[in-house]
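The structure appears right after this line, and notes come after that.
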Amino acid sequence: MKKSYELDMCNGPILGKILVFAIPLMISGILQLLFNAADIIVVGRFTGSQALAAVGSTGALINLIINLFIGVSVGANVVVARNYGAKDYDGIHGAVHTSVLTAIWGGIILIFVGILLARPMLEMMGTPEDVIDLSVLYMRIYFVGMPAFMMYNFGAAILRAIGDTKRPLYFLTLSGVVNVVLNLFFVIVFHMGVAGVALATIISQAISAFLIILCLMKMDGPCHLDFKHLKFHPEQLKSMLRIGLPAGLQGAIFSISNVLIQSSVNSFGSQVMAGNTAAGNIEGFVYTSMNAVYQTSLSFTGQNMGARNYQRVDRILFMCLGVVAVVGIVLGGGAVLFGTPLLGIYTNDPQVIAYGLQRLHVVALTYFLCGIMDTLVGSLRGIGYSIMPMIVSLSGACLFRVFWIFTIFQALHTQFSLYVSYPISWILTASVHALCYLAVRKRAFAKREAEYAQSMTQ
């Protein structure tokens, strides 16, 4: 008898199932983040602060480029989850094959986009001359691995939609170990620097992609992947893009503001860049743990909307908000409390550590606000609204931060005045998201009832 990795999100106690779903997802996110962490630690320790700054300075730009496509994987998750909750197996089959084909083509497109735009966009960000050549080299090699990156993320979105967060964890554990080993091998033995850590990353991503595709091919039921059946199903693709494109644009919007902040950080020089990189990487572990709760709210809400369990949808949101606040406060506070030794993992330079601490005390300490904001977005997307959170994020995150950088930051040209724009934007945006959810929830439930009634007459 085969072990079932699926999770019934529509019945039984909510909190326990949220934790069963979210904890493997948290660990998976942390392991995925370790790809970049391993890169940064190895280059910081064995190559120097310039290489550390080079790898770190690409993060915001990479996210800007890939976020549109990653957003579509959010759409895939919601569509598969809703069809699964409604027991529409033909819909699940179409969504799975459409998702995988989208991942393949998206990855191919991203190879060319990343290679061609790396240097001009890094120059636009004001990347220092002593760093830019290394940054360009890292980005170009990194983007060669985009098809594997996309296939893993879309495959993981499909598995999450049916409640399976354990097998992506297993796959990332293996690929994460490979990444660390190859990092050390390429940098220490072959002295390949940033090229070595980029190559190690794409090899490890290829392994995780292969494993998750193999998993889908061996599955029974509607989620079974057969490459002979790969094609775009118009209805499923339309639903995925309707939810996913605004999600991707929202991610891109956040990335634009982060690119502007990175450009502002660059104005302080390579040491501040290195400190910002190390602190940002530590914060990433907090963020990815909170993001697991966002993914949980997305999948649980999607399935329960499909099953028409509307009271449960509200309870899921309240439970997820409580969980994400606890995760953010505990981990963000821990990052500040142990800031010096944690930053010491990335660099031996005391000045770089001091600059990193300045960021942690502002951003990490208030990071739970970002988690609350994202969880509200997850519920909004799960009930079928994606354009609305995109517009709110455009106003509350991007436009506000742009305004802040060109006004407050210009008047008070300090790291604190730059970093404080993060928590202020999170408070504003989360407040509006909460009001939006209260305003549209009943309308979403009525729309789902109408869809169900229509399907019964067909």
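The values are calculated or read from the model by the stated rules, or taken from the named source; none is laboratory data. Remember, it's a predicted structure, so these values are computed and weren't measured experimentally. Ideal geometry is used to build each Cβ from the backbone, glycine not excepted, and the neighbour counts take in all protein chains shown.
Here are some notes:
- Of note, residue 254 does not satisfy the criterion of being within 28 Å of residue 456 (Cβ to Cβ) and of a type in the set (Phe, Trp, Tyr).
- Residue list for the stretch 295-330, restricted to those being buried (at least 24 other Cβ atoms within 10 Å of the Cβ) and out of contact with any Phe, Trp or Tyr (no Cβ under 9 Å at 6 or more places or on another chain): 297, 298, 301
- Residues in the stretch 1-52 that are acidic (Asp, Glu) and over 30 Å from residue 273 (Cα atoms) were compared, and the one that is modelled with the highest pLDDT is 8.
- Only one of 199, 216 that is part of a helix (DSSP H, G or I) and in contact with a Cys (Cβ under 9 Å, 6 or more places away or on another chain): 216
- The stretch 275-319, subset β-branched (Val, Ile, Thr) and closer than 28 Å to residue 455 by Cα, residue nearest to the chain's Cα centre (by Cα): 296
- So residue 188, is it touching a residue at least 60 places away in the same chain (Cβ under 8 Å), surrounded by fewer than 18 Cβ atoms within 10 Å (Cβ to Cβ) and not acidic (Asp, Glu): yes
- Flag for residue 149 being over 15 Å from residue 39 (Cα atoms), among the hydrophobic types (A, V, I, L, M, F, W, C), crowded, with 18+ Cβ neighbours inside 10 Å and under 17 Å from the mean Cα position of the chain (by Cα): yes
- The residue that is farthest from the chain's Cα centre (by Cα), counting only those in the stretch 76-99 that are crowded, with 23+ Cβ neighbours inside 10 Å and more than 13 Å from residue 303 (Cα to Cα), is 94.
- Among the candidates 62, 108, the residue that is over 26 Å from residue 294 (Cβ atoms), under 21 Å from the mean Cα position of the chain (by Cα) and touching a residue at least 24 places away in the same chain (Cβ under 8 Å) is uniquely 108.
- The residues listed here are 405, 345, 387; of these, the one that is in contact with a Pro (Cβ under 7 Å, 6 or more places away or on another chain), among the β-branched types (Val, Ile, Thr) and at pLDDT below 90 is 387.
- Segments classed as helices (runs of 4 or more DSSP H), wholly inside the stretch 334-422, with at least 3 members that are more than 17 Å from residue 283 (Cβ to Cβ): 368-382, 387-393, 400-406, 408-411
- Close contacts from the stretch 402-426, counting a first residue that is free of Cβ contacts under 8 Å to residues at least 24 places away in the same chain and of a type in the set (S, T, N, Q) and a second that is surrounded by 15 or more Cβ atoms within 10 Å (Cβ to Cβ) and assigned to a helix (DSSP H, G or I), with Cβ to Cβ under 8 Å and a gap of 6+ residues or different chains, come to 417/408; 417/409.
Results for (1) closer than 24 Å to residue 283 by Cα; (2) surrounded by fewer than 20 Cβ atoms within 10 Å (Cβ to Cβ); (3) touching a residue at least 24 places away in the same chain (Cβ under 8 Å), shown as yes or no for each residue.
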| position | (1), (2), (3) |
| --- | --- |
| 165 | yes, no, yes |
| 177 | yes, yes, no |
| 205 | yes, no, yes |
| 231 | no, yes, yes |
| 235 | no, yes, yes |
| 247 | yes, no, yes |
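- Taken over the stretch 428-458, the criterion of being out of contact with any helix residue (DSSP H, G or I) (no Cβ under 6 Å at 6 or more places or on another chain), surrounded by 12 or more Cβ atoms within 10 Å (Cβ to Cβ) and β-branched (Val, Ile, Thr) is satisfied by 440 alone.
- Failed criterion for residue 218 (all others in (1) in contact (Cβ under 8 Å) with a residue 12 or more places away in the chain; (2) touching a His at 6+ places or on another chain (Cβ under 9 Å) hold): (1)
- Complete set of residues in the stretch 42-59 that are more than 21 Å from the chain's Cα centre (by Cα) and in a helix (DSSP H, G or I): 42, 43, 44, 45, 46, 49, 50, 51, 52, 53, 54
- Residue within the stretch 424-444 that is within 14 Å of residue 377 (Cβ to Cβ) and at pLDDT below 85 present: no
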